[in-house]
Each structure stands twice: as structure tokens, then as C-alpha cells.
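Taking it in order: structure first as C-alpha cells, then the write-up.
The values are calculated or read from the model by the stated rules, or taken from the named source; none is laboratory data. What you see is a predicted model; the values in this text were computed from it and never measured. Cβ sites come from the backbone with ideal geometry, for glycine too, and all protein chains shown count toward neighbours.
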Amino acid sequence: MTYSGIKTIDVTEKQMEQFYSNMDKNIFHLEQNQYLVLKTPEGKLIGPYVWHESEGYNEILYRKFSSKMFGDVKPKDKDPYQIAYMDSLAHNQLTFCTGPAGSGKTQIALAYAFEQLERGAISKIVVFCNPYVATGAVKMGFYPGSKIEKLMESSVGSVLLSKLGGRDNVQRLLDQEELILMPMGDCRGYEVPEDSFVYFTEAQNTSRYLMKLFLQRTNDTCKICVEGDERQVDHDGFENGLNGLNAAIEVFRGEDYAGHVRLENIYRGRIAKRAELICD
């Protein structure tokens, strides 16, 4: 089973009392920088918390990301998994996020990126996408238009167009080189600019070699978010089913600068939520 950077544990009232009385002790056996959500007998979710060996369990506080360009983004219905994701983006240099379509992976990451850009904490937002052609889809090169036009038709492009108010506003950021859209095929030889927020979308379709290549293009002044739906792999050729995303999550587990969160809830509506069962 692939490592998960967030655990959901069913607890009794007695176990909850023990937890709150011993938050300096690792009673649930978490790894460094791993998140915890407690589920009561009534089904209520409590948390999240994060485990640090030097500090014990810390409760993660509710937050929002705000910017003039992207607006305010908050955790939906105080979703503890989204709260943990937002905490990891804020505090870790490297964040992995997995989860189904409609769970908030892209919107939350870009909301954080634009907040940091407006604050001057980063100088650029670099988005890598299209790591592998979807099964049965036409390859990118067969579509009309430039690379940027093609990338704008991706899921991340749709979010950018929607949140930033249209193609002209996106193009202005591209012209100013505050936003860079990069096809994953152009990764080799590219050096990510310093002080960038680097966002890699649809990473479940990446080989281990390509994931290694991508991460080695970054530097220690960057903040990095890698996301994908590990249940929606569009390529059957991965050895033992281990794609680059799962392999990287495993390699960076327990590092004090890296976090992983799986988002559990879908917010696109009942049809999208029910459709997730098709591939179970």
C-alpha cells in the first residue's frame, strides 16, 4: 500500500481523552510531518493535527488564501483534509497532493501561489502540465494553435481563465513572465527560476524518471506542489503500477520539509461524486 501523509483514525471517547492528555507522545505512530484526522463514533471528523518529533502533535488552524487576482479561497465546509493541504503549502517546501477531480487540488494550490506572488514572497509561478497523453486522446501536437494555447485548454488552464477573468489577464501575466506554462516534455535542460512557486499537475501520469528529472530542475529557493489523482492513471506501462507520483511520495516520506495530503471529498456535485465509484 502506498504511504499516505495523512491518517484518518477511528477513535473512542477514551482514546480521544488519552490523545489530548498526551499530545507530546506519538500514540498513533505517525511519521515526521504526517497529518492526523480523528473520527468519532458519531462520524464527526476532528482535526487535522500534525506530528513533529520535537514538538509533538500540533493542531492545524483554519486559514484562507487571499489575493486580488485570485480572490479568497477557504476550506470547503471546514474540510480537515483541505485544511491540512493548505497548511502543507504554507509550511513545507514540497507538498504532494492526491485526490479525485473536484476535490480542490488545483484551486487551492493556485490560490496560495497568487497570494505569495502579490506579497512578493515569490517572483514567478511556474506550471508544468501534460506529462502524458490521456488514453485514447489525440496527442497535443495534433491540435491547432501554439503550445500556450494548447496548455490553456488543460484543467489548470481552465481554472486560470475562470479565476483571473479571461484570456487577456492570463496573457498579461505570461508576457510579464510572472506566470510560466511549461509542457512537461520541455523539462529537460530547463532550470526553474529562483524564488518560484512550481506547480506540477496531473503527475499521476508521470514515470519515475520524469518525476526525478522534474524535481531536479528546482532549487532550494522554490516552493513546490505536485498533485494528481493516483486512481486516474492514463498510462498502463508503469512497472508494478508505481508511477512517478507514488514513488516520489514514498521517497520523501518523513522529511521535515515535505508533506503529503490526500483530499477525500468531491465538491462538484452528486454525479461527479458518484462517478468516482466507476474505477473502484
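Key figures for this structure:
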| item | result |
| --- | --- |
| Every pair of residues 6+ apart whose Cβ atoms lie under 8 Å, when the first sits in segment 93-117 and is on the phi > 0 side of the Ramachandran plot while the second is among the basic types (Lys, Arg) | GLY99/LYS105; GLY99/ARG262; GLY102/ARG268; GLY102/LYS273; GLY104/LYS76 |
| Number of the exception - TYR85 against (1) in contact with a Phe, Trp or Tyr (Cβ under 8 Å, 6 or more places away or on another chain); (2) touching a residue at least 60 places away in the same chain (Cβ under 8 Å); (3) of a type in the set (Phe, Trp, Tyr) | (1) |
| Close pairs from segment 58-74: first within 20 Å of VAL37 (Cβ to Cβ), partner part of a loop (DSSP other than H, G, I, E, B) and of a type in the set (S, T, N, Q), Cβ under 6 Å, at least 6 apart | none |
| Number of positions in segment 187-223 that are basic (Lys, Arg) and either touching a residue at least 40 places away in the same chain (Cβ under 8 Å) or touching a Leu at 6+ places or on another chain (Cβ under 8 Å) (or both) | 3 |
| In segment 107-124, residue farthest from ARG231 (Cα to Cα) [restricted to those that are crowded, with 23+ Cβ neighbours inside 10 Å and not charged (D, E, K, R)] | ILE122 |
| Entirely in segment 1-101, the strands (runs of 3 or more DSSP E) that have 1 or more residues that are within 20 Å of the chain's Cα centre (by Cα) and surrounded by 14 or more Cβ atoms within 10 Å (Cβ to Cβ) | 6-10, 35-39, 45-52, 65-67, 71-73, 94-98 |
| Flag if VAL126 is more than 20 Å from THR206 (Cβ to Cβ) and either at pLDDT 85 or above or among the hydrophobic types (A, V, I, L, M, F, W, C) (or both) | no |
